[in-house]
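Step one of this worksheet: look at the structure below.
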Amino acid sequence: MNTDHMQRANNIVDRVLRALFRRLLLSAAMVVPCGVYGQMPVAGYDDRQIDSLFQDAVTIEEIVVTAPRTLEIVPAQRLEGAVLQKLGNHNVADAIRYFSGAQIKDYGGVGGLKTVNIRSMGSEHVGVFFDGMQIGNAQNSVVDLGRFSLDNMESVSLYNGQKSAIFQSAKDFASASAIYMETRRPVFDSTRTDNLKFTLKGGSFKTVNPSVLWEHKFGDRVRMSANADYLYSSGEYKYRYTNLDGYDTVAVRSNSDVKYFRGEATVFGDLDDGEWRGKAYYYSSERGYPGAVVREQPGKLFCEGRQWDTDFFVQGSLMRRPVPFYSFSLKGKYAYNYMHYLEDSDNNKYINNHYRQHEAYVSSANMFSIFPWWSADLSVDFQWNRLDADLVDFVYPSRYTLLAAAATSMQFSRVSVQASLLYTHVTDVTRRRGQQAGAKNRFSPTVIVSYKPFRRHDLSIRAFYKNIFRMPTFNDLYYTEIGNASLKPEDAVQYDAGVTYARKWHRGWGTVHFDAQADFYFNQVKNKIIAYPGVSQFRWTMINLGYVEIRGVDIALGGMLRRGDFAVDVRLNYTYQDAQDLTDPDEEYYGNMIPYIPDHSGSAIVGLAWRDWSLNYSFIYTGIRYVTRANTLQDYVPAWYTHDVTLSRRIKLQRAALLVSLEVNNILNQQYEVVNCYPMPGTNFRLIVSVTL
């Protein structure tokens, strides 16, 4: 071949490569979800930047690219923005009560421990994430959701299975369900660089809760939010119950006082091709843990204790998209937790223990947009945990955890498919040889499918399968009195089939929105570990049930009407669950309900707004439960329900805005217990005054 022919061939190849490269960039730009980065341009390169990658310019025909609408394969239950603030909730645990399939274990009062159990899988299977990183507790896997305020929270979301977005850390794939808390991102008008908000809350139980929020803008790309609050409450309230002799007893809940200080600061930064975020959090508290009520001896309590906590963590994340078809994320965190528990009563032996936890965590996630309809992600996480305690014969365990997740997502016009494979390696090290649990290696697959049968109707049908395992905690394995180093991990399998429908109508008189969601699920848990407090909240009892099956239905309905200055929002949730112990057909407990799981539960939220006024009503119902596997009359816990109302008004001042709210909770003064022998408050109120500058 002569030189002219070779040059002509090279020119043709060069033109073809340029055209293919331009098509690839434009297609990849359409694949990367716009929601991954808040203020990122849709495409990372303009035409001149693309052409500069080659030595010579080339002209090609115009390309028209279309992309299918991204389907949310796993829809979230979410409370956010104004709806979240109007509910009159004290903390994140209060908000989660309105999600279907979720049960809150509340041990009473403002300072009582509050944990969440979703679809009867147990609190240990719920990942709790704060601004994208999981809150850990290697000691017992319990996260007290009562410690997280809603004052500066933008949204609280619940996902079953896992999130729809595959661009996430390996930790996000490692839970049966997850709670996501997001800090409010500062918003400024064109003339302001600072926002200030002062809030004072007070009410029943001698509760006083001042807080301050400061938001500042450093130029166009960096913003900061700092929030601090202090709370004191005596926690004393009257309660009534019937003792074993059939007589009504009235007593006052004692040793339930709490005082805490919480402070956090978050910095948000925008880049040309991504964003970064840094966060520091500090929490310090002293509280009394009221004991269980002794019905045989009215007015007497079991095991009153006191607890001091100090929690601190710093975390940071960086997300970038250097080229349109590749995105990466880096995350890091260090956390320190200190707990001092003191118990000195006539009912039990003297306890005075100190616990210190350390955690270090790093994560890297990489997403590749291969085609407009196909993307893939590879994530690797490493975590180190250590627990120190002054217990007798304590083994001082350390845990090294490696997680690697490979995930892929394919989205067509009406069908979406996701699949992931999580690898988990766990190694424990103790000071005493031979007392550590053996190393664990597990592969956990997940497959999710969604189908949209109609183009013109927002109706989708979905299903997922997920296998996940849960490593026993340090308390499960190494606690000096109840630990068992040979304890097997829980192995859970989840099956889910659901449907989602939404529709919006625009009429001359207003706007109407309706959405509905229903899920049917079947869970299997092998080597199920049930953890519940014994004679005190601090000393837990571990029971291995062997094999549990959970069948359930979650239904959520929502509606909204807007007409001029008037608005109505309604949300209804209902859950049916049948969680059975099927370990041994020869046992008398075979087929019984597992502890604290109700057959029926539900909630309702109704919000009315007119100009600067808003009225919100909420209702929560939890059906009958049993406190042990025996399911006997002595273990029976009655159903309970509460009615709460919040009335608010916003007052616009010359240079500020004033918000005044009055909350009345448990209007009918129902006497009930979420956890047996831990009575909850009757009717109580709270007044909130907030000034925004």
field: Positive-pole candidate from His457, Val110, Asn366, dipole of region 77-692, charges at beta carbon
entry: His457
query: Computed over the Cα atoms of region 347-422, what is the ratio Rg over Rh, Rh following Kirkwood?
result: 1.33
task: Please report Arg551, Arg470, Arg431 as a ranked list, fewest other C-beta atoms within 10 angstrom at the top and most at the bottom.
output: Arg431, Arg551, Arg470
task: Arrange Asp586, Asp519 by Cβ neighbour counts within 10 Å, fewest through most, would you?
output: Asp586, Asp519
- request: Determine, for Arg433, Arg97, the number of other Cβ atoms within 10 Å of each Cβ, and report the residues in order from fewest to most.
  value: Arg433, Arg97
- request: Please state, to two decimals, what the Cα-based radius of gyration of region 541-693 comes to when divided by 2.2 N^0.38 Å (N = residues).
  value: 1.43
- request: Would you mind checking which residues have amide H under 5 Å from Leu271's amide H? H placed 1.01 Å from N; only 5 or more apart, or other chain.
  value: Trp276
statement: A convex hull over the alpha carbons of region 643-685 yields, per residue, a volume in Å³ of 67
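Coordinate-derived values only; no laboratory data. Given the structure is predicted, the values throughout are model-derived calculations rather than measurements. Reconstructed Cβ throughout: ideal geometry from the backbone, glycine too, with neighbour counts over all protein chains shown.
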